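Read through the structure below, which is laid out as structure tokens, and then see the notes.
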Ligand code: ATP
């Protein structure tokens, strides 16, 4: 559904992504692993239309989108859940969700809200409370919910477990699996390789802007030496 082919992206004259290719299919999770600075966030931002690539192709359901503005990329069905969640703290949970649906016809908004509340009951319970008062895990659910309000076909999720307590990481990643199981394709950057490989279908490992390994999540787990080499010794030892 989403195909990224030989993507090159730079900041000024400094290359950050040097020929990354990756695909995402409906209902499946493709995990992007790599050390800090490997080019993972830049890849997601470039797909989302926030940083134009120097070269390479991005197609969504067969249509080229690599030169489209961010709002056109959302209209094509691709929505970014940014690192650090970026919920609007002073606004209520429901106001945050409504903002996520601003590109949708008003008539369908209530239906979308109910769908999100069904998926994340905790958001329903806190719907009139300030988003800033939610816990980190709840804010991550809100960031997912806000993205789902745009009815995406593909979600780009950047480091959903960042800054969360280990006990919450499992819950958050389980929710990502549920979102994918509803038919949405997911491209996810996640440092917590051990847990993320358990819920992913496929994985690519990137280093210095290039793909150094790609395969099924199962193959990636069994090539733990590859993951260790590019992510560091601790990558597969984190608590699950
Ligand atoms: P992290 O896990 O630290 O976010 P990452 O794999 O997502 O790492 P990127 O954030 O994509 O990596 O960064 C890739 C390279 O681009 C790094 O060398 C980084 O220093 C550089 N870079 C990222 N953002 C900018 C920017 N706004 N201006 C200049 N260089 C940048």
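The values are calculated or read from the model by the stated rules, or taken from the named source; none is laboratory data. The shown structure was predicted, so the numbers you read here are calculated from the model rather than taken from an experiment. Cβ coordinates were reconstructed from backbone atoms using ideal geometry, including for glycine residues, and neighbour counts include every protein chain displayed.
Within the range 173-216, the residues that satisfy the criterion of being in a strand (DSSP E or B), within 12 Å of the chain's Cα centre (by Cα) and within 16 Å of the ligand (Cβ to nearest atom) are 187, 188, 189. The listed residues are 154, 172, 186, 176, and the only one of them that is touching a strand residue (DSSP E or B) at 6+ places or on another chain (Cβ under 9 Å) and either more than 23 Å from residue 108 (Cβ to Cβ) or at pLDDT below 95 (or both) turns out to be 176. Since residue 55 meets every condition but one in (1) over 30 Å from residue 122 (Cβ atoms); (2) within 16 Å of the ligand (Cβ to nearest atom); (3) in contact with a strand residue (DSSP E or B) (Cβ under 7 Å, 6 or more places away or on another chain), which condition does it not meet? Condition not satisfied by residue 55: (2). Each residue in the range 1-37 was checked for being touching a helix residue (DSSP H, G or I) at 6+ places or on another chain (Cβ under 8 Å) and farther than 21 Å from residue 69 by Cα, and 8 pass. So is residue 53 touching a helix residue (DSSP H, G or I) at 6+ places or on another chain (Cβ under 6 Å), farther than 12 Å from residue 156 by Cβ and at pLDDT 95 or above or not? It is true that residue 53 is touching a helix residue (DSSP H, G or I) at 6+ places or on another chain (Cβ under 6 Å), farther than 12 Å from residue 156 by Cβ and at pLDDT 95 or above. For the residues 108, 84, 89, 34, the requirement of being at pLDDT below 95 and surrounded by 15 or more Cβ atoms within 10 Å (Cβ to Cβ) singles out 34. Of the residues examined, residue 60 is not one that is in contact with a strand residue (DSSP E or B) (Cβ under 9 Å, 6 or more places away or on another chain), farther than 25 Å from residue 164 by Cβ and at pLDDT below 95.
If you take the residues of the range 152-172 that are touching a helix residue (DSSP H, G or I) at 6+ places or on another chain (Cβ under 7 Å) and assigned to a loop (DSSP other than H, G, I, E, B), which of them is nearest to residue 183 (Cα to Cα)? Only one residue fits best here, namely 160.
Each residue in the range 9-44 was checked for being more than 10 Å from the ligand (Cβ to nearest atom) and part of a loop (DSSP other than H, G, I, E, B), and 5 of them qualify. Within the range 40-49, the presence of a residue that is surrounded by fewer than 19 Cβ atoms within 10 Å (Cβ to Cβ) and without any contact (Cβ under 8 Å) to a residue 60 or more places away in the chain is excluded.
Evaluation of residue 140 against the conditions (1) surrounded by fewer than 23 Cβ atoms within 10 Å (Cβ to Cβ); (2) within 20 Å of the chain's Cα centre (by Cα) shows that the sole unmet condition is (1).
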